Amino acid sequence: MSPATHPLARLMLALALLGPVSRLDESVQRAVQGARRPAFEGIMRTASGTSRGAFVLGGLLAVAVLGGPAGPATARVALIVLAPVNLMVEGLKWSVNRPRPDGERRRSNSSFPSSHAANAAGLALVLSRRWRRLAPAFWLLAGLVAFSRVYLNRHFLSDALCGVVIGVVLGGLVLDWLRARGWSWEAKP
């Protein structure tokens, strides 16, 4: 085993990289918290609320009923994408157990990664593939949801960014897997 592949060497490298990320998180947190204004509180709370389970399920029910012939398939695909995204996020939350920026320390609700950001990104991926013209709006909303979690002091920047990456990467893998099995619910380019 070479020194570069030794597990201790990899652990030390990972720990060395955490310092700068942690400092950036704290710096961004201070800047965002210092810039909070009453006029934005309602917008950020509303954006954050759009990723709650009841809102997402209600929205997917609306997609299934009002989304035309592909509506039910789109809603099913979204649920199929969100299942592994949430399993991954919850597993990481339990494993990492990072305290939230506001000081909350519960393993079952730890800060890393942001499930709101992961779900918003996964949904934006699915919906933007179905309604391509609305893709910028879906991604803007996903970005607003992710930022709202930092703004509301519930997540650090790296929590939100990693949540987005999980939603996009895992969502993309699930969509590729579904396409390989003949699911064709997406809009034609």
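Please treat every number below as a calculation from the coordinates, not as lab data. No experiment lies behind these values; they were computed from the predicted model shown. Ideal geometry is used to build each Cβ from the backbone, glycine not excepted, and the neighbour counts take in all protein chains shown.
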Inset, instruction - State all residues of region 106-155 that are in contact with a His (Cβ under 9 Å, 6 or more places away or on another chain) and charged (D, E, K, R); if no residue qualifies, say none. - result: Arg149, Arg154
Inset, instruction - Collect the residues in region 130-160 that are in a loop (DSSP other than H, G, I, E, B) and of a type outside the set (Phe, Trp, Tyr), keeping them in residue-number order. - result: Leu152, Asn153, Arg154, His155
Legend entry - Criterion violated by Pro101 - all others in (1) within 22 Å of Ala70 (Cβ to Cβ); (2) part of a loop (DSSP other than H, G, I, E, B) satisfied: (1)
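Quick grid of which residues meet (1) within 13 Å of the chain's Cα centre (by Cα); (2) in contact (Cβ under 8 Å) with a residue 12 or more places away in the chain; (3) closer than 21 Å to Leu92 by Cβ:
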residue	(1), (2), (3)
Leu125	yes, yes, yes
Ala135	no, no, no
Leu144	yes, yes, no
His155	yes, yes, yes
Ala160	yes, yes, yes
Val164	yes, yes, yes
Val169	yes, no, yes
Legend entry - Matching residues, region 161-186, being surrounded by fewer than 14 Cβ atoms within 10 Å (Cβ to Cβ) and not in a helix (DSSP H, G or I): Arg181, Gly182, Ser184
Inset, instruction - Please work out if Pro84 is touching a Leu at 6+ places or on another chain (Cβ under 6 Å), surrounded by 15 or more Cβ atoms within 10 Å (Cβ to Cβ) and closer than 28 Å to Arg30 by Cβ. - result: no
